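Just so it is clear, none of the values below were taken in a lab; they were calculated from the coordinates. Owing to the predicted nature of the structure, the values given are computational and were not obtained by experimental measurement. All Cβ positions, even for glycine, are placed from backbone atoms using ideal geometry, and neighbour counts span all protein chains on display.
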Amino acid sequence: MKLPVLLPAAIAATLLAACAPAQVKLPADFAAGAVVHAVDGHSPRHFDQPVFIGPYSARRLQDGDTFQWEAGDGRSSMLDSERAYAFTLTTAGQPPVHVQCLSRQSLLRHGDEDAMLEIDLTALEGPLLSCGLQFDGSDAVMPLELAARGNRLVGSLGSPWGNLSMRSLHGFDGSALSSMDANGFELASKGQTWTVVETINAGRVLFAPVTDGRQRTYLAAAATALLMLDADLGD
């Protein structure tokens, strides 16, 4: 059996761009009839500027600074980083979604400038991303959590329609190449894909035709949280 070639996302995207703009490989049961929205404001990202997903706008956006602290004995150290951000997602005819997020990373480093070993311990310390979403004026806070499992990211999203599973996507459309880094995310309800978030290039968000206007508004808020995630806070 031929195994897929694993490449960093930037290199793989560059190779594919020689033929056509790279796009995330969609789940097999999802492409037909998907409602596709382009993203504006994700890449390039400008501090405190809104993010747009088609008719959905993430405004009142607060891009938090990245806070870092390091402790060690010179050659070995632990680096912890945190970044908070918040926004309100709006669209015509639907209630707003208020979102607050905290992303974090823990790295163990050993060595010096000439030779540095770095081990990502985020998975042992807790979720990479934790968010709370409030929808339709409710006081209830729905959780979004994303954790690292090797080079994969997995998590869940609470919603008024039940919990959705989340997983990172690493394939490229029309290619056997796979990326070590996530180039998108799948959000699924009871095994059925509801949303795909493409994070490479300018970004795209795709909704399954089974979702309605209220669900898409809520899912667009979750998609914005994922688009704003910086999985390399330690750099």
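Computed values, structure above
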item	result
Segment 147-215: relative contact order as a whole-number percent, Cα under 8 Å and 6+ apart	20
Separation of the D29 and Q192 label points, Cα + 7 Å toward Cβ, nm	0.9
Cut-off 19 Å, label 7 Å out along Cα→Cβ of A202, residues of segment 49-63 by amide N	49-59
Length released on extending from V36 to A92, taking residue separation times 0.36 nm less the Cα-Cα span	18.4 nm
Sites M180 and R60, calculated FRET efficiency, Cβ-Cβ separation with R0 35 Å, nearest 0.05	0.50
